[in-house]
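Asks: There's a structure below that I have some questions on.
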Amino acid sequence: MPGLQAWPSHPAQPDLSVRYLVASQVHPSAFPVSANILAHGKVQVKSSDIQVGDLIIVEKNQRIPSDMVFLRTSEKAGSCFIRTDQLDGETDWKLKVAVSCTQRLPALGDLFSISAYVYAQKPQQDIHSFEGTFTREDSDPPIHESLNIENTLWASTIVASGTVIGVVIYTGKETRSVMNTSNPKNKVGLLDLELNQLTKALFLALVVLSVVMVTLQGFTGPWYRNLFRFLLLFSYIIPISLRVNLDMGKAAYGWMIMKDENIPGTVVRTSTIPEELGRLVYLLTDKTGTLTQNEMVFKRLHLGTVSYGTDTMDEIQNHVLNSYSQVHPQACRSNPSSAPLRRTQSSAPKVRKSVSSRIHEAVKAIALCHNVTPVYEARAGVTAESEFAEADQDLSDENRTYQASSPDEVALVRWTESVGLTLISRDLTSMQLKTPGGQVLTFCILQMFPFTSESKRMGIIVRDESTGEITFYMKGADVAMSTIVQYNDWLEEECGNMAREGLRTLVVAKRTLTEEQYQDFENRYSQAKLSIHDRTLKVAAVVESLERELELLCLTGVEDQLQADVRPTLEMLRNAGIKIWMLTGDKLETATCIAKSSHLVSRTQDIHVFRPVASRGEAHLELNAFRRKHDCALVISGDSLEVCLKYYEHELVELACQCPAVVCCRCSPTQKAHIVTLLRQHTGRRTCAIGDGGNDVSMIQAADCGIGIEGKEGKQASLAADFSITQFRHIGRLLVVHGRNSYKRSAALGQFVMHRGLVISTMQAVFSSVFYFASVPLYQGFLMVGYATIYTMFPVFSLVLDQDVKPEMAILYPELYKDLTKGRSLSFKTFLVWVLISIYQGGILMYGALVLFESEFVHVVAISFTALILTELLMVALTIRTWHWLMVVAEFLSLGCYVASLAFLNEYFGVGRVSFGAFLDVAFITTVTFLWKVSAITVVSCFPLYVLKYLKRKLSPPSYSKLSS
């Protein structure tokens with residue numbers, strides 16, 4: 001695979017010339033159509049026809065059809081932004097850089113006059129890394145350029161600015177996005193597996209019973225034929241109608257969930273696992289778009305002595321307005337002379353600046369220190385050339401949008417715009433701000449130090465064009481900044497306060513440089529950048545020489561707004577005994593912040609941040625350090641997790657399962673799915689995954705129960721999930737009410753259907769044993785069919801409408817949900833209770849019929865069957881906890897059907913038509929004797945059970961009855 005990615009793109013190459021088509025003849029495909037560049041021009045191709053080595057043009061807002069190396073863009077800067085929400089779930093834009101060798105070519109057509117090739121590593125899953133080289137052979141010393149993740153455009157991302165041209169390196173199954181998806185598997189509910197176990201037990205009972213009968217016969221005659229006859233007679237032990245009833249039940253639960261007005265828009269996409277919702281122990285959730293709305297809002301500005309919140313922003317606006325109306329007339333005169341003056345005094349005690357000037361400095365710093373680019377949408381009928389020219393003069397506010405690699409940055413720049421200082425243009429070398437008075441300030445960008453996850457800070461050196469003053473601005477996380485700003489007594493405390501409110505904090509500081517200081521720095525910096533060995537260390541050392549004694553300007557707090565009712569929902573799920581894990585592709589700081597603000601981690605709990613580990617030894621030490629902590633939440637990054645799982649899988653999962661909450665950050669889609677699978681294997685408990693983006697699909701499909709949210713990131717997750725909801729808060733009701741009901745009802749329904757088969761088989765067994773173990777059926781065909789269908793079907797199925805507590809109660813006391821995870825509604829214990837009930841009832845019904853009707857033995861079928869039907873109807877009534885009008889209708893309807901059939905099917909009620917030839921005697925049925933005897937049998941079979949049930953409720957009431965009473 002490596003080395004094959006070659007494209008010497010000569011016009012004569014057959015591969016390219018064959019594909020010359022006229023653009024108008026090709027039908028557009030469903031995918032945004034990409035264009036292949038040829039020496040003769042462009043052609044439209046379907047994305048399915050793209051091959052490795054093709055050159056492809058992708059316009060703004062089009063999806064990239066395959067993984068490619070970024071060669072050229074229409075943007076002047078030689079870079080473009082892409083949206084990656086379908087790849088890693090993050091809605092911030094990523095900056096990608098074109099290969100400089102091809103970006104520098106004068107015109108687009110020159111791409112064909114060069115001879116070059118790309119070498120790429122073999123396809124792999126990791127979306128955050130790439131290694132390759134670009135080689136141009138026809139220049140005198142061949143030009144080699146190394147390629148990294150910044151030069152790639154992965155499939156399924158969307159171009160957010162400009163037009164890009166790239167060369168395809170991976171297609172189809174080799175693209176990163178496809179390698180990160182997994183094949184879905186069929187999900188089977190735990191309840192179905194448990195019922196399967198019970199059915200196996202019943203089958204065993206059937207075989208044993210038949211063998212016992214044949215043994216008691218004494219193996220006389222053709223005993224094996226009798227064995228099979230008994231197997232057929234007792235086959236009602238195996239509940240064949242169970243599957244039908246359960247599947248109809250599942251369909252009914254799905255219908256109820258979709259019809260619930262409290263959770264509108266919920267869609268049930270699978271009819272096999274609604275009961276799973278009632279047995280969950282682990283909930284794995286995505287962060288961006290699931291718990292948060294991914295909308296940043298600037299909330300707090302703190303200057304050390306004074307703090308501004310959302311309600312006092314107008315004061316800042318006035319201060320900025322005043323400072324600019326005073327400063328600017330004298331700015332040009334006073335500043336150059338005062339700048340050196342201030343530096344001579346720096347050793348002397350500082351005079352405290354006025355609040356107004358400090359606010360002015362802080363706002364200016366926030367407006368300058370960032371990587372945001374303002375973009376102006378092209379208006380209709382304006383060509384690209386004049387549009388840029390016009391945009392420079394017009395710069396209308398409605399037309400401007402901001403682009404940045406992180407939504408926090410945009411929030412800060414939007415805020416400076418709202419208080420009067422607006423960023424109006426930016427390129428690689430300069431930046432322009434507009435003051436409240438409409439004056440434009442130009443700043444020259446001398447150096448940029450971008451944000452990295454190691455340094456946790458970003459810096460910028462700018463020169464004010466009007467005064468020539470050089471300033472080094474810096475902002476970053478409090479951890480990184482507290483050591484490099486001048487001594488102060490408020491920063492740490494205020495950062496803590498803001499973090500507790502769930503705000504993301506950034507510390508902003510500055511340092512004014514003289515021309516000599518800057519020149520000295522620039523020389524050392526460019527030397528460090530040229531060194532071959534330890535380049536990064538040397539560059540960092542030079543930058544660090546600047547990062548000393550910075551003047552602390554302000555502390556900002558930005559809030560990532562949570563989805564509606566996230567806190568109460570998480571609280572409710574935690575009370576229901578569900579452990580919540582957050583798996584996100586976002587940064588560690590952000591993830592921790594959201595974990596606190598959403599109360600995933602309660603305020604009193606400690607958070608153990610798992611340090612980055614790279615080897616077995618480090619992982620061992622870290623795990624030991626974590627083992628000593630008790631009741632604290634775990635925060636771990638994807639890379640460390642990978643290392644720990646490699647060497648200490650069992651230990652890590654065991655420790656993590658004891659935590660009240662776990663946060664995994666920087667997770668790739670495959671890692672998310674891997675964590676879900678691990679949890680299922682190690683704990684054997686049921687897991688549920690909930691997410692809203694394409695990057696959550698693997699996790700949703702791996703979990704026992706997947707829930708998708710229709711969100712900003714599209715419908716990919718909700719279509720792949722088993723249940724689709726519109727908001728995170730709906731999950732509470734879905735689990736605590738619908739999940740609980742589905743499980744309890746299915747458990748009751750399943751056991752009742754088994755009971756129904758066992759009763760009639762017991763009667764058959766008693767009947768056979770009385771008649772010298774003859775293998776003669778007690779009831780004729782139609783009665784047996786009618787028994788399982790028309791006579792008892794409706795009341796038994798009406799159990800799916802039963803509920804033990806009202807939905808409001810279930811939501812108010814989520815602790816009720818905890819009981820379900822133990823699986824006590826359906827276990828071998830409850831099953832045995834039902835078996836005993838069946839044997840008792842079957843015995844009473846048959847013996848009762850035989851004892852009470854000695855004389856009219858001919859009528860034994862009519863009597864026992866009538867008593868059996870009545871018993872079944874009464875048993876349904878006994879099982880029901882809350883009556884519904886449909887249940888009453890079902891009971892009477894079944895009774896009506898039975899009474900009606902007595903009149904029509906009289907020949908079936910004789911015992912074995914052939915041997916006795918007796919017909920049903922309508923006169924006999926209407927006698928008082930018949931009625932009291934049937935009633936007596938029924939009462940004996942049911943009354944003791946009512947008494948037992950009453951005593952049980954009095955002596956050890958179930959948790960729900962304490963609430964409902």
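The values are calculated or read from the model by the stated rules, or taken from the named source; none is laboratory data. Source: prediction; values computed, not measured. When we count neighbours, we look across all protein chains shown, and the Cβ atoms used for this are built from the backbone with ideal geometry, even at glycine. Just so you know, the surface numbers come from the protein's heavy atoms only, side chains and all, with ligands and any DNA or RNA stripped out. Shrake-Rupley method; radii C 1.70, N 1.55, O 1.52, S 1.80 Å.
Asks: Two decimals is fine: what is log10 I(q)/I(0) at q = 0.09 Å⁻¹ for the chain, from a Debye sum with one equal scatterer on every Cα and no solvent?
Replies: Evaluating at q = 0.09 Å⁻¹ gives log10 I(q)/I(0) of -1.04.
Asks: Next question. Please list, in order along region 878-890, the HN-Hα scalar couplings obtained from phi with the Karplus expression 6.51 cos²θ - 1.76 cosθ + 1.60 (θ = phi - 60°), rounded to whole Hz, x for Gly and Pro.
Replies: Values per residue, Gly and Pro as x: 6, 6, 5, 9, 9, 6, 10, 4, 5, 5, 4, 4, 4 Hz.
Asks: So which GluC sites (Glu not before Pro) in region 244-333 pass both tests, a DSSP loop state and at most 11 other Cβ atoms within 10 Å of the Cβ?
Replies: Values: sites: Glu261, Glu275, Glu276, Glu295, Glu315; in loops: Glu261.
Loop-located and lightly packed - Glu261.
Asks: Would you please give the residues with an amide H less than 5 Å from that of Ser430, counting only those at least 5 places away or on a separate chain, with H modeled from the backbone geometry?
Replies: Placed amide hydrogens put Ile445 under 5 Å from Ser430.
Asks: Here's a follow-up. Compute the relative contact order of the chain as a whole-number percentage, counting only Cα pairs closer than 8 Å that sit 6 or more residues apart in sequence.
Replies: Here the relative contact order equals 12 percent.
Asks: Do you know the relative contact order of region 574-669, to the nearest whole percent, from alpha carbon pairs under 8 angstrom that are 6+ apart?
Replies: Computed value for region 574-669: 42 percent relative contact order.
Asks: Related question: Binning at 10 angstrom from zero up to the longest distance, how are the C-alpha pair distances of region 727-808 distributed in percent?
Replies: Histogram of Cα-Cα distances, whole percents per bin: 15, 32, 23, 16, 10, 4, 1.
Asks: Under a 1.4 angstrom probe, counting protein chains only, how are Phe230, Phe203 ranked by accessible area, largest first?
Replies: Putting Phe230, Phe203 in descending order of accessible area: Phe203, Phe230.
Asks: Oh, and also: If each Cα of region 783-871 is one equal point scatterer, what is log10 of I(q)/I(0) from the Debye formula at q = 0.12, 0.13, 0.24 Å⁻¹?
Replies: Those come out to -0.61, -0.68, -1.22, one per q.
Asks: What are the ³J(HN,Hα) values, in whole Hz, obtained from phi via the Karplus relation 6.51 cos²θ - 1.76 cosθ + 1.60 with θ = phi - 60°, for each residue of region 201-213 in sequence order, with x given for Gly and Pro?
Replies: 4, 5, 4, 4, 4, 4, 4, 4, 4, 5, 5, 4, 4
Asks: Another question about this same structure. Counting only protein chains, not ligands or nucleic acids, how are Thr556, Thr272 ordered by accessible area (probe 1.4 Å), most first?
Replies: Details: Thr556 0, Thr272 60 Å².
Result, largest first: Thr272, Thr556.
Asks: Please calculate how many Å² of accessible area the chain carries per residue, with a 1.4 Å probe and no DNA, RNA or ligand atoms counted. Intermediate results must be reported in sequence, preceding the final value.
Replies: Working: 43480 Å² over 965 residues.
Per-residue accessible area for the chain comes out at 45 Å².
Asks: Tell me which of Ala619, Val770, Ala480 sits at the most positive position along the dipole axis of the chain, charges placed on C-beta atoms (Lys, Arg +1; Asp, Glu -1).
Replies: Going by the charge dipole, the pick is Val770.
Asks: Using a/c under 1.5 as the rounded threshold, could you call region 647-709 rounded, prolate or oblate? The axes a ≥ b ≥ c are square roots of the C-alpha gyration tensor eigenvalues, and prolate needs a/b larger than b/c, oblate otherwise.
Replies: Judged from the Cα gyration tensor, region 647-709 comes out prolate (a/c at least 1.5, a/b above b/c).
Asks: Per 5 Å bin, what percent of the C-alpha pairs of region 390-512 does each bin hold, from zero upward?
Replies: The calculated distribution, bin by bin, is 2, 9, 16, 21, 20, 16, 10, 5, 2, 0.
Asks: Can you list residues whose amide H is under 5 Å from Trp883's amide H, if they're 5+ apart or on another chain and H is modeled 1.01 Å from N?
Replies: none
Asks: Quick one: 3J(HN,Hα) in Hz for region 94-111, Karplus 6.51/-1.76/1.60 with θ = phi - 60°, rounded, Gly and Pro as x.
Replies: So the J values, rounded to whole Hz, are 10, 8, 10, 10, 6, 4, 5, 4, 8, 5, 6, 4, x, 10, 4, x, 5, 4.
Asks: Continuing with the same structure: Sorted by average packing, counted as other Cβ atoms within 10 angstrom per residue and highest first, what order do 173-183, 234-244 take? Walk me through the numbers on the way to the answer.
Replies: Details: 173-183: 17.3, 234-244: 18.8.
Highest-to-lowest ranking by the protection proxy: 234-244, 173-183.
Asks: Express in nm, to one decimal, how much length is gained between Thr305 and Lys829 on full extension, taking 0.36 nm for each residue of separation and deducting their alpha carbon distance.
Replies: 181.8 nm
Asks: To check you understand DSSP bridge types, tell me what percent of the beta bridges within the chain (both residues inside) are antiparallel, rounded to 5. Walk me through the numbers before you get to the answer.
Replies: On the way: 89 of 119 bridges.
Taking every DSSP beta bridge within the chain, about 75 percent pair in antiparallel fashion.
Asks: Send over the per residue convex hull volume for region 93-204, Cα only, as a whole number of Å³.
Replies: Dividing the Cα hull volume of region 93-204 by its residue count gives 155 Å³.
Asks: With each run of n ≥ 4 DSSP H residues scored as -39500 (n - 2.57), what mean residue ellipticity at 222 nm is computed for the chain after dividing by its residue count and rounding to the nearest 500 deg cm²/dmol?
Replies: Result for the chain: -14000 deg cm²/dmol, rounded to the nearest 500.
Asks: Quickly work out the Gln527-to-Cys657 label distance, labels modelled 7 Å from Cα along the C-beta direction, and quote it in nm with one decimal.
Replies: 5.9
Asks: Could I ask something else about it? Report the dimensions of region 674-721 along its three principal axes from the alpha-carbon atoms, largest first, rounded to Å.
Replies: 34, 15, 12
Asks: Only Lys, Arg, Asp and Glu count, each charged at its Cβ (+1, +1, -1, -1), so figure out the dipole size of the chain about its Cα centre, rounded to 20 debye.
Replies: Values: 92 positive and 95 negative charges, 638 e Å.
So the magnitude is around 3060 debye.
Asks: If you roll a 1.4 Å probe over the chain with all protein chains in place, what percent of the accessible area is carbon or sulfur?
Replies: Numbers: 25360 of 43480 Å².
The nonpolar share, carbon plus sulfur, comes to 58 percent.
Asks: While we're on this one: Sort Val479, Val663 from largest to smallest accessible area, using a 1.4 Å probe on the heavy atoms of the protein chains.
Replies: The most accessible residue leads, giving Val479, Val663.
Asks: Return the whole-Å distance between the Cα centroid of region 47-86 and the Cα centroid of region 215-256.
Replies: First find each Cα centre; the distance between them is then 63 Å.
Asks: Using +1 at the C-beta of Lys and Arg and -1 at the C-beta of Asp and Glu, which of Thr592, Leu573, Val558 has the Cα lying farthest in the positive direction of the dipole of region 549-630?
Replies: Farthest towards the positive pole: Leu573.
Asks: To continue, here is another question. Amide H of Cys632: which non-local residues (sequence gap of 5 or more, or other chain) have their own amide H closer than 5 Å, using H built in the peptide plane?
Replies: Amide H neighbours of Cys632, under 5 Å, 5+ apart: none.
Asks: Among Val211, His650, Val69, which residue has its Cα positioned farthest towards the positive end of the charge dipole of the chain, with +1 placed on the Cβ of Lys and Arg, -1 on the Cβ of Asp and Glu, and the dipole taken about the Cα centre?
Replies: Val211
Asks: For Lys187, which lysines qualify as cross-link partners when the Cα separation must be under 27 Å and same-chain residues fewer than eight apart are set aside?
Replies: Cα-Cα hits under 27 Å: Lys173, Lys200, Lys250, Lys259, Lys287, Lys579, Lys672, Lys715, Lys744, Lys818, Lys822, Lys829.
Asks: What's the center-to-center distance, using Cα atoms, between region 156-195 and region 776-818 in Å?
Replies: A separation of 42 Å, based on Cα centres.
Asks: If you split all Cα-Cα distances of region 660-747 into 10 Å bins from zero, what percentages do you get per bin, shortest first?
Replies: With a bin width of 10 Å, the distribution comes to 17, 45, 33, 5, 0.
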